[in-house]
Amino acid sequence: MPVSQGFDLDAGATDVQVIRADYANPNHAAALVRLLDSYAQDPMGGGHALSDFAKSHLVAALAARPQAFSVLAFVGELPVGLVNCIEGFSTFACRPLVNVHDVAVLSGYRGHRVAQHMLKLAEAIARERGACKLTLEVLRGNTAADRLYRRIGFANYELDPSMGHAQFMQKLLD
């Protein structure tokens, strides 16, 4: 199973380590919560901090779900990136699929392909699980992320071009 890969941010820059998160590792757990909270506070994440409940229960809840996995990026000991993935199922392919639920990179490390390398490891893990595809959603205004996803092979979902692209929708449940 791919666990780790290193790469340089830029020529002469600090090495970044990309690893599959171990939810039982306290350093990984703290990094996951810190990075997701930072992302949640960003305008692309909704602009609000995670609740105290989410902060204290998130890692255990992910660990309890065998269909969940996360990828972390570190510069030395500093966590700089996170990808959370949840396995689903494609009825048309009769195979698993992996939804990339969160992609977060600290602002000072954006534009250095940290997310690209994390998604590469997420894809390798998805392939090991026998997944037929990766899915994700991106806000229309997040043009940098949209460019990244398209550059690495993501495209709008459609079954028949005459029916148009699928829309991501939600219904909040209290």
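The values are calculated or read from the model by the stated rules, or taken from the named source; none is laboratory data. Just so it is clear, the structure is predicted and the values come from calculations on it, not from any experiment. Counting neighbours? That spans all protein chains shown, and the Cβs are built from the backbone with ideal geometry, glycine included.
Overview of values
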{"item": "Residues of the range 89-125 satisfying the condition of being under 12 Å from the mean Cα position of the chain (by Cα) and farther than 23 Å from VAL33 by Cβ", "result": "GLN116, LYS120, GLU123"}
{"item": "Qualifying residues in the range 14-33 (those that are over 16 Å from ALA68 (Cα atoms) and surrounded by 12 or more Cβ atoms within 10 Å (Cβ to Cβ)) - the one modelled with the lowest pLDDT", "result": "THR14"}
{"item": "Hey, LEU72 in contact with a Leu (Cβ under 9 Å, 6 or more places away or on another chain) and either within 27 Å of HIS112 (Cβ to Cβ) or modelled with pLDDT under 95 (or both) or not", "result": "yes"}
{"item": "Candidates ALA144, ALA126 - the one that is surrounded by 15 or more Cβ atoms within 10 Å (Cβ to Cβ) and either out of contact with any His (no Cβ under 7 Å at 6 or more places or on another chain) or among the hydroxyl-bearing types (Ser, Thr, Tyr) (or both)", "result": "ALA126"}
{"item": "Near pairs, Cβ below 9 angstrom, 6+ apart or cross-chain, from the range 127-140 (among the charged types (D, E, K, R)) to any residue that is in a loop (DSSP other than H, G, I, E, B) and surrounded by 16 or more Cβ atoms within 10 Å (Cβ to Cβ)", "result": "GLU128/PRO2"}
{"item": "Some residue of the range 141-159 being without any contact (Cβ under 8 Å) to a residue 12 or more places away in the chain and more than 27 Å from ARG113 (Cα to Cα)", "result": "yes"}
{"item": "Boolean, HIS57 is at pLDDT 95 or above, more than 22 Å from LEU139 (Cα to Cα) and not in a strand (DSSP E or B)", "result": "yes"}
